[in-house]
Amino acid sequence: MFLLGVYLVPLALVSALSAWADNRKPVLGGILLLGSAGLLAWVWVQRPEGMYSLRDIPELTVALAAQMMALF
């Protein structure tokens, strides 16, 4: 959930910036930002050790990719 929340933040910002540049309302960007904030808040509440640090993201990504590959 942490990785999903972290990877949705840049997508939300790009979507909001694109909508702003096209003079549209950034609805999708706002929804993505709220969703990612909700996921990160959920991880923050559920994990007793606290949040992961930003330097843990590459290691967590590789571990998740390895687990996904092991399923196949």
Next item on the list: Please specify each residue of segment 16-52 satisfying the condition of being small (Gly, Ala, Ser), closer than 13 Å to Val6 by Cβ and in contact with a Gly (Cβ under 7 Å, 6 or more places away or on another chain).
Entry: Ser36
Notebook entry, point to check: Name the residues in segment 14-48 that are within 25 Å of Thr61 (Cα to Cα), of a type in the set (A, V, I, L, M) and loosely packed, with under 15 Cβ neighbours inside 10 Å, would you?
Noted result: Val14, Ile31, Leu34, Ala37, Ala41, Val45
Next item on the list: Give Ala12, Ala21, Ala41 a once-over and let me know the one that is in contact with a Leu (Cβ under 9 Å, 6 or more places away or on another chain) and of a type outside the set (Ser, Thr, Tyr).
Entry: Ala12
Next item on the list: Among the residues of segment 49-63, count how many are surrounded by fewer than 13 Cβ atoms within 10 Å (Cβ to Cβ) and at pLDDT 90 or above.
Entry: 5
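The values are calculated or read from the model by the stated rules, or taken from the named source; none is laboratory data. These numbers come from a predicted model, not from an experiment. Every residue, glycine among them, receives a Cβ derived from its backbone with ideal geometry; neighbour counts consider all protein chains shown.
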